[in-house]
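Step one of this worksheet: look at the structure below.
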Amino acid sequence: MSLPKAELHLHIEGTLEPELAFELAARNGVTLPYADTDELREAYRFEDLQSFLNLYYELMAVLRTERDFEDLANAYLARAAAQGVRHAEIFFDPQAHTSRGLELGTVVEGLWRALGDSASRHGVSTRLIMCFLRDESAESALATLDAAKPYLDRITGVGLDSAEVGHPPAKFREVYEAAAALGLRRVAHAGEEGPPEYITEALDVLGVERVDHGLRCVEDPALVERLVRERVPLTLCPLSNVRLRTVDTLADHPLPAMLDAGLICTVNSDDPAYFGGYAGDNFDAVRGTLGLSEERLRELARNSFLASFLEDDEELRAR
Ligand code: ADE
Ligand code: ZN
């Protein structure tokens, strides 16, 4: 689906395709516990978020140099452009790399080599959003924000990801306050596997401008009403929800009902190398299986630009 769109929920580490994983493993002398790409793909059967995260973190071992992060981002941007993505707000997980001994600078500089040229090379404008791992401590998040200070000219905002249940947003109050004081935009995953209360907490305690996933808001009509009234965008990821068994099948996805309720929904890919599709594939899937009208699809695309961190003039150019 080549409808022009912005992608607002995309983990760059989740774009690591098996072929590139093996190429980088060979380049860096890393041995993967899989014989080949077919055997690796066999491991892409997930029970829940944690079973996916285990593989996601394991494969990051192949990312070692600036060039690796540059190649990873360029591969994503080329694929995204081919599916109509004109603007991408890209998450990265610094702690997943610094905990392996990499410098934060290696990650940011490497990604920036690709992002800096993306508008001219791929026709995709970009923003970078640094995520804290919520299953790590609040102190580790604060140390990560501190380490990022030399790179803040390249980082637009902060996010919160990884294992959700048992790690409520309020755990990160202090680091989000510090991020806001530095002028960073704020988003957080909430209501993917975690309860609707985590969505409320992300809004009230962390001050987020968008909620990543936010799917479980549908369990709380008062919360849905609030999200509609306050025009809080949700970055939904339909194929991810199916693969991580947050919904039983795509046909059961509440997206049509959420749009009917007046929620500002966007459709995104999350970790496309693992979940069977990039942004356009997600649009195709919801069009085909959920029978969304062309008007609804255009609404989703329009929402993606409106909910982005582009300035008004940039936004109009990107559309
Ligand atoms: N990290 C990468 N993908 C994620 C997801 N879907 N939820 C939480 N953390 C993630
Ligand atoms: Zn995500």
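The values are calculated or read from the model by the stated rules, or taken from the named source; none is laboratory data. Everything numeric here is computed off the predicted structure, so don't read it as measured data. Counting neighbours? That spans all protein chains shown, and the Cβs are built from the backbone with ideal geometry, glycine included.
Counting only helices (runs of 4 or more DSSP H) wholly contained in the stretch 101-150, the ones carrying 2 or more residues that are among the hydrophobic types (A, V, I, L, M, F, W, C) and surrounded by 23 or more Cβ atoms within 10 Å (Cβ to Cβ) occupy 104-115. In the set PHE172, PHE91, PHE132, only one residue is in contact with a Cys (Cβ under 6 Å, 6 or more places away or on another chain) and modelled with pLDDT of 95 or more; that residue is PHE91. Would the stretch 17-39 turn up any residue that is in contact with a Phe, Trp or Tyr (Cβ under 6 Å, 6 or more places away or on another chain) and of a type in the set (A, V, I, L, M, F, W, C)? Checking the stretch 17-39: not a single residue is in contact with a Phe, Trp or Tyr (Cβ under 6 Å, 6 or more places away or on another chain) and of a type in the set (A, V, I, L, M, F, W, C).
So if I check each of PHE283, PHE305, which one is of a type outside the set (D, E, K, R), at negative phi and crowded, with 22+ Cβ neighbours inside 10 Å? After applying the criteria, what remains is PHE283.
Just one of the listed residues (ARG298, ARG231) is over 28 Å from ASN54 (Cα atoms) and in a loop (DSSP other than H, G, I, E, B), namely ARG231. Among the residues here, GLN95 does not qualify as surrounded by fewer than 17 Cβ atoms within 10 Å (Cβ to Cβ), in contact (Cβ under 8 Å) with a residue 12 or more places away in the chain and under 19 Å from ASP135 (Cα atoms).
Quick one: would you say LEU244 is hydrophobic (A, V, I, L, M, F, W, C) and surrounded by 22 or more Cβ atoms within 10 Å (Cβ to Cβ)? So LEU244 fits the description; yes. Of the helices (runs of 4 or more DSSP H) entirely within the stretch 1-63, those holding at least 3 residues that are within 14 Å of ligand 1 (Cβ to nearest atom) and within 19 Å of PHE275 (Cα to Cα) occupy 49-59.
For LEU128, state whether it is more than 20 Å from the chain's Cα centre (by Cα) and among the aliphatic types (A, V, I, L, M).
Against the criterion (more than 20 Å from the chain's Cα centre (by Cα) and among the aliphatic types (A, V, I, L, M)), LEU128 does not qualify.
When ARG41, ARG45, ARG100 are checked against the criterion of being touching a residue at least 40 places away in the same chain (Cβ under 8 Å) and of a type outside the set (A, V, I, L, M, F, W, C), a single residue qualifies: ARG100.
To keep it simple, each residue is scored yes or no on (1) of a type in the set (Ser, Thr, Tyr); (2) more than 16 Å from ligand 2 (Cβ to nearest atom); (3) free of Cβ contacts under 8 Å to residues at least 60 places away in the same chain; (4) not in a strand (DSSP E or B).
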position	(1), (2), (3), (4)
ARG154	no, yes, yes, yes
ALA163	no, no, no, yes
GLY166	no, yes, yes, yes
LYS171	no, yes, yes, yes
GLU174	no, yes, yes, yes
ALA178	no, yes, yes, yes
GLY183	no, yes, yes, yes
ARG186	no, no, yes, no
HIS189	no, no, yes, no
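Any idea which residue in the stretch 173-197 is nearest to ligand 1 (Cβ to nearest atom), counting only those that are surrounded by fewer than 24 Cβ atoms within 10 Å (Cβ to Cβ) and among the hydrophobic types (A, V, I, L, M, F, W, C)? Only one residue fits best here, namely VAL175. Among the residues of the stretch 153-172, those that are surrounded by 15 or more Cβ atoms within 10 Å (Cβ to Cβ) and under 30 Å from GLY116 (Cβ atoms) comprise ARG154, ILE155, THR156, GLY157, VAL158, GLY159, LEU160, ASP161, SER162, PHE172.
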